[in-house]
Each structure stands twice: as C-alpha cells, then as structure tokens.
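A short worksheet on the structure shown next.
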C-alpha cells in the first residue's frame, strides 16, 4: 500500500474534548455547505434500483458491478452514504470509490437518502433510510449476485455516521423484525461518532447544554440515541477509520475515542490518522493540480483495499507483469511491511492488536519530530 510521511497512525494529539464534538456539528449551517454536487445525481455507468419508498419519495441505490458480474455470483458488496450534515449532499461523492472497488471484484453501491434541505427530515429519518439500505441489499443478495454475509457499509462525515449507525444504534429502524441491517464491515471517513456528553468527561457548560438541546431538535431524537460511541459493545464489525488531525468540523479526538472504544470491546479498528489534513481531505478531486491531485484519495483507497483484502473479500492485486498476485496471511503481510525489524511477530489477533498499539505509542512519543510538509490540503468544503 502507499506509505506517506504525512500519516501518524494511532497518535493521540491534544485538541478539542470529545464532549465538544456536537457543538461543532451544530455550528455547521446550511450556508457553509460549499461545492455541492448536482442533484438529482448524475451517475454515469451505473445501474439503479429503488430500495425504499416513503410517501412519494423513491430512494435509489446506484450500482457499479464488476465486469461479467451475474446473479449467480456471491460477491462481497459495499454500500456508501454521502456526507452533507444530514442536510444536503449527493451520491456522486462516492462514485469514484464504487468504480474502483467494482474493478477489484466487489459489488459497490451508493445509496441516496432523505436529507433536510430536500425532504424536511431530521437525522433520525436519515438513519432509518441507511438501515433500510443495508437491509434491502442483504434481502436481495441472491438476486444481485451478492454474498449476504459479506456486506460493508461506508461513508464520509454524516454519511460515516450513518454507516456506523447501521452497526451500532438500537432503534431508529422502520422494520425491526426484518432482515438484519447490521453490516459485516465498516469503512469510515471522518465520521461523526461522538454526539452526546460522555460519562467521566468534564461537565458541559450552560452554553454547551443549550447546544446539545438544539442538536436534539436537529436529530429528531435524543443525542445519545444517535451517538455510535454510546452504543459500542463486543461483536461489532471490523472497522477502518480515516481522519485528519486538522479537521475543524468533526474533531480528530472523537475518532480516536471511537476507535479506542471499539478496541476496548475487543473489536477490530484500524485507525489511520493524517497530519495537517482537514475535513473531507479524502474526496476525489482534492489537492492542488499536479502530482498532489488526489494524493489523499489514492492513499485512503489503497488502505481501504488493504483492509478489505485482509478480510479476504478482495483477491490479491496482480503483479506488475500481469500474473496473479499471491495471497498473504496478515502475519506475512506485516513481516514484509516491517522488513528486517519484523522480530517477535504476533501470532494471534489479540497479540496483533497489542503489537500495533505498541507501534502507535512509539510513534506518539516522537513529539519533537519536525512537522511533515504540507500534503496539498484544500479548504474543507463544510460537508459533514
């Protein structure tokens, strides 16, 4: 996978307390939603189906299928949810990711869902739509050529929240007796995951409490019921999470807390932290023209590929000469990545988590390292 000196995996930096996350999210107004993609979406080279109808609103899922895909296949699949603060946004955001994964052999889709600016809904209804999307994909797996036990949910910012919500939140489900809406893996890009005060943190100020009350109105539900962090438990899907340390919309500290919480419950969480990157840094088209164009999109996609490969959802990438690649165990892959330093490698998943934590702690001790060069960060577009 692509390596970069701009990345500081698993490093805890000083910053905003997680309890303040919701106050920042609330402060994101409609006027700050910049560079919105067109809607209805222009989704070239996709097929689509209606996955849910609410009143006169038909919600569609847009598919990128592998070449020669058929209904007899049992492909792994992923459904993405776009960002936009539960207020706006377009499925186009994750079309590049879908095309990439389709070329790698997955059924990749992005789901439209209701948002405040177009449908007058709260975030509660957004979660309902997201759960319906995963459920519909699983219920129609045989017809779509999908393995019902290898379905991932992904998304960015508010869309990352929705993906995490399908795995963690009880309730907010229009069909609680239906097929399970819980995905088998999560791919999260600067997701909003800590949306209510956390026990043990400093008490919120009166101003913060007022903001939390206003957030409840925006959510259409108590904030704690909408907060993935507050519903962590054992048995949750393996997760990869990407976040920029300079994110001023969703604090980096909340991503760190969410991932550590998953690990505390013995769940897998691969946390990739990007130095000096702001909100939405991972989107296709970001970066200055030239070699930095799409630098972080390429990097995050490569690491997403490695994560899905580790689940054995993707085949090895072909060798440069076109011959089939060799499938490695995670121990072999780690050994090759570390080279001569690969002594005393872990032999189990628990040992691996401790080993990776040790590496992260060593990285975090280098506080006197000079800051890496700017990675071509552009101004955050404000899309949550």
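The values are calculated or read from the model by the stated rules, or taken from the named source; none is laboratory data. All values derive from a computational prediction rather than experimental measurement. Heads up, the Cβs are rebuilt from the backbone with ideal geometry, glycines too, and the neighbour counts pull from every protein chain shown.
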Checking the condition touching a residue at least 40 places away in the same chain (Cβ under 8 Å) and surrounded by fewer than 24 Cβ atoms within 10 Å (Cβ to Cβ), which residue from 183, 174, 191 passes? 174
Do we find that residue 213 is surrounded by 21 or more Cβ atoms within 10 Å (Cβ to Cβ) and out of contact with any helix residue (DSSP H, G or I) (no Cβ under 7 Å at 6 or more places or on another chain) in this structure? no
Mind checking which pairs have a first residue in the stretch 97-117 that is at positive phi and free of Cβ contacts under 8 Å to residues at least 60 places away in the same chain and a second that is surrounded by 24 or more Cβ atoms within 10 Å (Cβ to Cβ) and not in a strand (DSSP E or B), Cβ under 9 Å, 6 or more apart or different chains? none
Scanning the stretch 44-66 residue by residue, the ones that are outside any strand (DSSP E or B) and either under 21 Å from the mean Cα position of the chain (by Cα) or modelled with pLDDT of 95 or more (or both) total 5
Considering each of 185, 192 in turn, give the residue that is modelled with pLDDT of 95 or more and closer than 30 Å to residue 210 by Cβ. 192
Would you call residue 120 more than 23 Å from residue 307 (Cα to Cα), crowded, with 24+ Cβ neighbours inside 10 Å and out of contact with any strand residue (DSSP E or B) (no Cβ under 6 Å at 6 or more places or on another chain)? no
Of the conditions (1) assigned to a loop (DSSP other than H, G, I, E, B); (2) touching a strand residue (DSSP E or B) at 6+ places or on another chain (Cβ under 8 Å); (3) buried (at least 24 other Cβ atoms within 10 Å of the Cβ), residue 105 clears all except one; give me its number. (3)
(1) over 18 Å from residue 241 (Cα atoms); (2) part of a helix (DSSP H, G or I); (3) within 18 Å of the chain's Cα centre (by Cα) all hold for residue 143 apart from (3)
